[in-house]
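One structure is given here, and the rest of the page talks about it.
The values are calculated or read from the model by the stated rules, or taken from the named source; none is laboratory data. Keep in mind that this is a model prediction, so the values were computed, not measured. Don't worry about glycine lacking a Cβ; one is built from the backbone with ideal geometry, like all the others, and counts go over all protein chains shown.
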Amino acid sequence: MKQLGGRTAFVTGGANGIGRAIARALAAEGVAVAIADLDAAAAKNVAAELDAAGHRSLGVECDVTKRESLERALAETNSAFGPVHILCNNAGVAAAAPFEATTPGDWQWVFGVNVMGVVNGLQIFLPHMREHGEEAHIVNTASMAGLFPVGRMPTYSASKFAVVGLTECLALELEGSPIGLTLLCPGIVNTDLAARSRAQRPADATGVDEDSERMLEEGARMGIDPADVATCTVDAIRSGAFYAFSHPELVSQFAERAERIAAAAKG
Ligand SMILES: NC(=O)c1ccc[n+]([C@@H]2O[C@H](COP(=O)([O-])OP(=O)(O)OC[C@H]3O[C@@H](n4cnc5c(N)ncnc54)[C@H](O)[C@@H]3O)[C@@H](O)[C@H]2O)c1
């Protein structure tokens, strides 16, 4: 999608962190942006910030685990700005605990947001994009944790492996269509993902491990600025790149995993 100005984007989890940075970067390109988030007040604050800077934006309450909530948010966006051309399936949560500390509630929560949130976004926006027929682009946010295993984060890492798998399968189906697709795999980014996820954790997601949570939170402080992830996301939308890496140096860990698998298969 070479020309971004004049398009409309819908960014889930756009009220904070990477999603907010993507919303800001797209707005700076002249894209009208809907900031869709569980945290409606924070989404509206981001929209107010963008509007004050002379951009066109909308803060909408949206829970990606609920299809009717996504449908409502799409209808609101469509009536404000017209058809949506760019969908960023970015909303996500993280939990850190060794497998044996996790509960069924942890798995349902993390997979509900990180995997079913992406599935719901695709199933609601793909028909919309097919119907309006204009050039469109979808970005699914996975993680480097979806390309190789990350210790003490089995729920998160497995959910991101699922996003990688579903996005690579979808790429086969979208080949040759006017709908571009990007699989965004950031490494560690300095956001409040750990704290925010803890605050949004449902009551039955009880597998909390304080040490692992601390590791996750302290690790994030050493991460890159979300604006750098936004830059590589906008570049990928513009160039039509399928893979977008904000930490290309970490891809060697995926290569090592692939080599381990290949070596095991050789016997
Ligand atoms: N921070 C990192 O190091 C990192 C690395 C790789 C990938 N990611 C991924 O990037 C994405 C954004 O994470 P972030 O670090 O910016 O975190 P963040 O917590 O700053 O932002 C996530 C946003 O998603 C929203 N959200 C959570 N559940 C939702 C739901 N059910 N419906 C709608 N919105 C919901 C939150 O309210 C929040 O605003 C996530 O998918 C995350 O897994 C983050």
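So for segment 179-198 (the condition being touching a Pro at 6+ places or on another chain (Cβ under 9 Å) and more than 19 Å from Leu147 (Cα to Cα)), does at least one residue qualify?
Yes, that holds for at least one residue.
Would you check if Val164 is of a type in the set (A, V, I, L, M), in contact with a helix residue (DSSP H, G or I) (Cβ under 7 Å, 6 or more places away or on another chain) and more than 10 Å from the ligand (Cβ to nearest atom)?
So Val164 passes the test.
Scan segment 192-200 and give yes if some residue there is at pLDDT 95 or above and more than 21 Å from Thr65 (Cα to Cα), otherwise no.
no
So, in segment 1-21, of the ones that are buried (at least 22 other Cβ atoms within 10 Å of the Cβ) and among the aliphatic types (A, V, I, L, M), which residue ends up farthest from Gly180 (Cα to Cα)?
Out of the qualifying residues, it is Ala15.
Looking only at residues that are part of a helix (DSSP H, G or I) and more than 13 Å from the ligand (Cβ to nearest atom) in segment 22-44, which one is surrounded by the most Cβ atoms within 10 Å (Cβ to Cβ)?
Leu26
Can you find, within segment 146-161, the residue that is nearest to Pro104 (Cα to Cα) among those that are buried (at least 23 other Cβ atoms within 10 Å of the Cβ) and hydroxyl-bearing (Ser, Thr, Tyr)?
Only one residue fits best here, namely Thr155.
Count, please, the residues in segment 87-131 that happen to be among the hydrophobic types (A, V, I, L, M, F, W, C) and within 10 Å of the ligand (Cβ to nearest atom).
Residues that pass the stated criteria total 9.
Considering segment 215-225 alone, what residues qualify as being touching a Pro at 6+ places or on another chain (Cβ under 9 Å) and not in a loop (DSSP other than H, G, I, E, B)?
Of everything in segment 215-225, just one residue is touching a Pro at 6+ places or on another chain (Cβ under 9 Å) and not in a loop (DSSP other than H, G, I, E, B), namely Ile224.
I need the full set of residues from segment 170-193 which are under 17 Å from Leu122 (Cβ atoms), of a type in the set (A, V, I, L, M, F, W, C) and outside any helix (DSSP H, G or I), in order please.
Hits for segment 170-193 are Ile179, Leu181, Leu183, Leu184.
So, in segment 103-134, exactly how many residues are touching a Gly at 6+ places or on another chain (Cβ under 7 Å), of a type in the set (S, T, N, Q) and farther than 15 Å from Leu38 by Cα?
Residues in segment 103-134 being touching a Gly at 6+ places or on another chain (Cβ under 7 Å), of a type in the set (S, T, N, Q) and farther than 15 Å from Leu38 by Cα: 1 in total.
To keep it simple, each residue is scored yes or no on (1) among the hydroxyl-bearing types (Ser, Thr, Tyr); (2) surrounded by fewer than 18 Cβ atoms within 10 Å (Cβ to Cβ); (3) away from the ligand (no atom under 16 Å from the Cβ).
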position: Pro178; (1), (2), (3): no, yes, yes
position: Thr191; (1), (2), (3): yes, no, no
position: Arg196; (1), (2), (3): no, no, no
position: Arg201; (1), (2), (3): no, no, no
position: Thr206; (1), (2), (3): yes, yes, yes
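Within segment 239-254, does at least one residue satisfy the condition of being within 10 Å of the ligand (Cβ to nearest atom) and part of a helix (DSSP H, G or I)?
Looking through segment 239-254, none of the residues is within 10 Å of the ligand (Cβ to nearest atom) and part of a helix (DSSP H, G or I).
Looking at segment 134-155, can you tell me whether even one residue there is on the phi > 0 side of the Ramachandran plot, charged (D, E, K, R) and more than 13 Å from the ligand (Cβ to nearest atom)?
There is at least one residue in segment 134-155 that is on the phi > 0 side of the Ramachandran plot, charged (D, E, K, R) and more than 13 Å from the ligand (Cβ to nearest atom).
Pick from segment 48-67 the residues that are more than 13 Å from the ligand (Cβ to nearest atom) and within 23 Å of His128 (Cβ to Cβ): which of them is surrounded by the fewest Cβ atoms within 10 Å (Cβ to Cβ)?
So the residue we want is Arg56.
Looking at this structure, is Val64 part of a helix (DSSP H, G or I), under 14 Å from the mean Cα position of the chain (by Cα) and within 29 Å of Ala195 (Cβ to Cβ)?
Spelling it out, it is not the case that Val64 is part of a helix (DSSP H, G or I), under 14 Å from the mean Cα position of the chain (by Cα) and within 29 Å of Ala195 (Cβ to Cβ).
Of all residues in segment 111-158 being in a helix (DSSP H, G or I) and either touching a residue at least 60 places away in the same chain (Cβ under 8 Å) or among the acidic types (Asp, Glu) (or both), which is nearest to Thr206 (Cα to Cα)?
Thr155
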